[in-house]
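One structure is given here, and the rest of the page talks about it.
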Amino acid sequence: MYKKILVPIDGSGKSLLAACHGAELASNFGASVTLIHVIPVLPLDVRGMVINQFRAEAKELLKKVARDLDRFNVSIDIKVKTGKTAESICRIARKHKYDLIVIGSRGLSEVKGYLLGSVSNAVTIHAPCPVLIIR
């Protein structure tokens, strides 16, 4: 049923929980998992100064999450992209033909009290495949 599962990671507790769910599903279906972190578009005057640092930090975060998922014994790939978060997630899912996106309900930037984060909501609306939202 699922062969390729995409899991957006922002470091929030919900995204880490989504990673565990995605890896467990992958283990059950013999699927692979791709962890993705999207660095938001930055103003031109600061982009050059910090983008390499953000990329390095994002890669370290994804590597740590991948190590934490070793117990599920599934193939895990990591991707770091720059752009509008929801748009980038959906574009990657479409381009690489992912079967499922597993995403946390709220990320680090969400205000407490919202039922569904703006990124997860946008991904649900625009994704080319089923989306599993983890609360």
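Within segment 42-100, work out how many residues are more than 25 Å from H126 (Cβ to Cβ), small (G, A, S) and outside any helix (DSSP H, G or I).
1
From the list L35, L17, which residue is of a type outside the set (D, E), within 15 Å of the chain's Cα centre (by Cα), surrounded by 15 or more Cβ atoms within 10 Å (Cβ to Cβ) and not in a helix (DSSP H, G or I)?
L35 is the lone residue from the list that is of a type outside the set (D, E), within 15 Å of the chain's Cα centre (by Cα), surrounded by 15 or more Cβ atoms within 10 Å (Cβ to Cβ) and not in a helix (DSSP H, G or I).
What is the one condition in (1) at pLDDT 95 or above; (2) out of contact with any helix residue (DSSP H, G or I) (no Cβ under 8 Å at 6 or more places or on another chain); (3) over 19 Å from V80 (Cβ atoms); (4) charged (D, E, K, R) that K4 does not satisfy?
For K4, the exception is condition (3).
Conditions (1) of a type in the set (D, E, K, R); (2) closer than 22 Å to A23 by Cβ; (3) modelled with pLDDT of 95 or more, marked per residue:
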{"residue": "R47", "(1), (2), (3)": "yes, no, no"}
{"residue": "K59", "(1), (2), (3)": "yes, yes, yes"}
{"residue": "L62", "(1), (2), (3)": "no, yes, yes"}
{"residue": "R67", "(1), (2), (3)": "yes, yes, yes"}
{"residue": "I76", "(1), (2), (3)": "no, yes, yes"}
{"residue": "K81", "(1), (2), (3)": "yes, yes, yes"}
{"residue": "I101", "(1), (2), (3)": "no, yes, yes"}
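Please specify each residue of segment 1-13 satisfying the condition of being farther than 18 Å from E60 by Cα and either free of Cβ contacts under 8 Å to residues at least 40 places away in the same chain or surrounded by fewer than 22 Cβ atoms within 10 Å (Cβ to Cβ) (or both).
Matches in segment 1-13: M1, Y2, K3, K4.
Yes/no matrix, rows are residues, columns are (1) at pLDDT 95 or above; (2) of a type in the set (G, A, S); (3) over 18 Å from K4 (Cα atoms); (4) out of contact with any Lys or Arg (no Cβ under 6 Å at 6 or more places or on another chain):
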{"site": "E87", "(1), (2), (3), (4)": "yes, no, yes, yes"}
{"site": "A93", "(1), (2), (3), (4)": "yes, yes, no, yes"}
{"site": "S109", "(1), (2), (3), (4)": "no, yes, yes, yes"}
{"site": "V123", "(1), (2), (3), (4)": "yes, no, no, yes"}
{"site": "R135", "(1), (2), (3), (4)": "no, no, yes, yes"}
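Sort through A26, A66, A58 and tell me the only one that's farther than 20 Å from I134 by Cα and buried (at least 17 other Cβ atoms within 10 Å of the Cβ).
One residue alone meets the criteria, A58.
V41 versus (1) modelled with pLDDT under 95; (2) under 18 Å from L100 (Cα atoms): which is the lone unmet condition?
(2)
The values are calculated or read from the model by the stated rules, or taken from the named source; none is laboratory data. Everything quoted here is computed from the prediction, not taken from an experiment. Cβ coordinates were reconstructed from backbone atoms using ideal geometry, including for glycine residues, and neighbour counts include every protein chain displayed.
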